[in-house]
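K.L.:
Here it is, the structure in full.
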Amino acid sequence: MTQETGELDGLVRKRIRALRVAQGWSLEELATRANLSQSSLSRIENGQRRLALDQLVTLARALDTTLDQLVETAADDVVTSPMIDGTHGRLRWAIKAEPGMSVMRQRLTEPPPDNPARMRAHPGREWLVVLSGTAVLMLGHRRFRIQTNQAAEFPTMMPHAIGVEGGPCEILGIFDRDARRGHQRDTGNGDGDTQGA
C-alpha cells in the first residue's frame, strides 16, 4: 500500500465515522441501514477491516452521500483570493464546488433608489448578510431593514434594489448562476452591481 493510498483509506474511514456522528447515529443504527453487522462497521471505521467497494457503495447510500463524495481527495486549493473591483468597492470569489455561484463583498454608501424603474428583475436567487451597518432591501413594493448579522434570501425575478440606511454598510452576497448573469447583463462589466441589486 502506497502512502497516498493509505492516506485515502484513512480519510474515507474518518469520513464514514464523521458522517455517522453528524447524523446522530450509533454504530448499530448505521450498520442496520447499510446491512452490515455492527462489529464489521466498527472494524471498518477503526481500520481493522479492508474497505471493499461494494461496502463503500452501500455505506455511501446509507449516509445519504455518493461514492465520489466519500472518496473525494481534492482539497489542494482550499484558500482562494478574490477578484478585486476597486471602482465599485467589491471583492468577488468564485465557488469552486458550484462554478455557477459566486460570493461578493461590497461596501454600500447610497440609499436604495426612489424610482421603482431603477429596480431590477432577472432569473435566479440571491442571499446576502450584512457585515456592518444597516442595509435596506427593496423587494417589489416592500421595504426590509437588514441589520448587522442579519441575512436575506430572495428570488431575483421580484423587482429589487439594495442600499443603506444611516451610513455606509458592508454586505456579503451569494449569487447563483442566473442571478450573476442578470447582474453581468445589467452592468456589462462582468462583475454584477449590488447597489441596484
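The values are calculated or read from the model by the stated rules, or taken from the named source; none is laboratory data. These numbers were taken from a predicted model, which means no experiment stands behind them. Heads up, the Cβs are rebuilt from the backbone with ideal geometry, glycines too, and the neighbour counts pull from every protein chain shown. Side chains are part of the model used for accessible areas, which takes the heavy atoms of the whole protein and leaves out ligands, DNA and RNA. Shrake-Rupley method; radii C 1.70, N 1.55, O 1.52, S 1.80 Å.
K.L.:
Within the range 145-168, can you find the residues that are farther than 16 Å from Gln106 by Cα and modelled with pLDDT under 95?
P.N.:
Glu153, Phe154, Pro155, Thr156, Met157, Met158, Pro159, His160, Gly166, listed by residue number.
K.L.:
Next up: I'm checking my understanding of the structure. Among residues of the range 145-166 that are over 23 Å from the mean Cα position of the chain (by Cα) and assigned to a strand (DSSP E or B), which one is farthest from Pro112 (Cα to Cα)?
P.N.:
Across the range 145-166, the extreme among qualifying residues is Arg145.
K.L.:
Pairs only if they're at least six apart or on different chains, beta carbon under 7 angstrom, first in the range 130-144 and assigned to a loop (DSSP other than H, G, I, E, B), second open to solvent by 20 Å² or more (accessible area, probe 1.4 Å); list them, first residue then second.
P.N.:
Note: pairs meeting the criteria are Gly133/Thr148; Gly133/Gly167; Gly133/Pro168; Gly133/Glu170; Gly140/Met158; Gly140/Pro159.
K.L.:
Check off (1) modelled with pLDDT of 85 or more; (2) open to solvent by 60 Å² or more (accessible area, probe 1.4 Å) for Gly86 and give me the number that stays unchecked.
P.N.:
Only one criterion in (1) modelled with pLDDT of 85 or more; (2) open to solvent by 60 Å² or more (accessible area, probe 1.4 Å) is unmet by Gly86, namely (1).
K.L.:
Got a number for residues in the range 14-63 being more than 25 Å from the chain's Cα centre (by Cα) and without any contact (Cβ under 8 Å) to a residue 40 or more places away in the chain?
P.N.:
Within the range 14-63, residues that are more than 25 Å from the chain's Cα centre (by Cα) and without any contact (Cβ under 8 Å) to a residue 40 or more places away in the chain number 32.
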